[in-house]
1. Compute the distance from the alpha-carbon center of the stretch 155-203 to that of the stretch 90-109, in whole Å.
2. With a ≥ b ≥ c the root eigenvalues of the C-alpha gyration tensor of the stretch 1-301, is it rounded (a/c under 1.5), prolate (a/b larger than b/c) or oblate?
3. Once ligands and nucleic acids are excluded and a 1.4 Å probe is used, how much of Tyr113 is accessible, expressed in Å² to the nearest 10?
4. Could you please put Val2, Val160, Val43 in sequence from largest to smallest accessible area, using a 1.4 Å probe?
5. Just from its helices, what would the mean residue ellipticity at 222 nm be for the chain, if runs of 4 or more DSSP H residues each count -39500 (n - 2.57) and the sum is divided by every residue, rounded to the nearest 500 deg cm²/dmol?
6. Not counting ligands, DNA or RNA, and with a 1.4 Å probe, what is Ser102's accessible surface area in Å² rounded to the nearest 10?
7. Looking at the P(r) of the stretch 61-206, how many percent of alpha-carbon pairs lie beyond 19 Å?
8. So what is the relative contact order of the stretch 1-106, in percent, for Cα pairs below 8 Å that sit 6 or more residues apart?
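The values are calculated or read from the model by the stated rules, or taken from the named source; none is laboratory data. Keep in mind that this is a model prediction, so the values were computed, not measured. Cβ coordinates were reconstructed from backbone atoms using ideal geometry, including for glycine residues, and neighbour counts include every protein chain displayed. The protein model used for the area step is the full one, side chains on, heavy atoms only, and it has no ligands, DNA or RNA in it. Shrake-Rupley method; radii C 1.70, N 1.55, O 1.52, S 1.80 Å.
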Amino acid sequence: MVNFVLIAVCILAGMIFKQTKSIHPDAHKGINTWILYLALPAVSFKYLPKVQWSAEMLFPILSTFVIAIGCFFFMMFYSRQKGYSRRSRSTLELASGYSNTSFIGFPLISAFYGESLLSIAIICDQTMFFALSTLGIIAAVKGGSKSGKVSAIFILKRLVTFPPLIGCIAALILSQFIDFTFAEPLFDKLAATVSPLVLFSVGLQLKFNGWKKLLPQISASMFYKLILAPIMILGLALLLGIKGNVAKISVFEAAMPTVVTASIIAEQFKLNTKLTNLIIGFSILVGFITSAIWYQIIEMIF
């Protein structure tokens, strides 16, 4: 319950500060810098060294990339049909292909399934983060360029200099040689700043005026993220014969709303931040309802 209240408080605080002009108009850029360079890398160092890897854990990893790749094709056909620009298409890809697997996903999993299954959720979260740092950045770079065409070298350069990806890779490699137990209190404190600051940043940029004009894009995004994506993972689990908790958590995480970090990436690469933030806001609200429905469906099938 505290997490749900925190979501509302942080987003509303950002909106109020913005409307009352109590904060600098570009304050969100400074906040985003903290998140990208310190908080998000700390998340990788906090969770990745503790993950217990096994063959069964390949399904949550596979699921995350299936959703991202499926979103690419879905938005490609949808954008072509509607005649949208490359920038709009990239915005929709970024806002629709990546789940809020931690801040929304973790508390909902704890509420519906218990904290013991968070170990599976962590796999989903870190894989999602890796996919966002690679496939998501590629989509953002292509959409943010004027021509829509970007060289492989340029994309590679942006990838290898993207702080969260560096943190993710560093955590995977260094944890094999160094015991980071002594630094866990530091990682805990830094990682704890991600959700409130990201949501506050979203609130600073969030404006609901003009949402009616963007309703088709918002609806298409939520249709894929909240309905089609979990259907795909459910079908994949049945096809591959994956059962039990791994299947349950993978499908449930696929049904989560849009990850709020998409707003920061959209702003950094000059995509449509207004559309991204509206999708985040609406998907969180609607996601609370659809996640409860998906829980019932998952329990009936698995």
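1. Each part's Cα centre sits 17 Å from the other's.
2. The shape class here is rounded.
3. Using a 1.4 Å probe on the heavy atoms, I get roughly 40 Å².
4. Most to least solvent-accessible, the answer reads Val2, Val160, Val43.
5. -21500 deg cm²/dmol
6. 40 Å²
7. For the stretch 61-206, the fraction of Cα-Cα distances above 19 Å is 64 percent.
8. 26 percent
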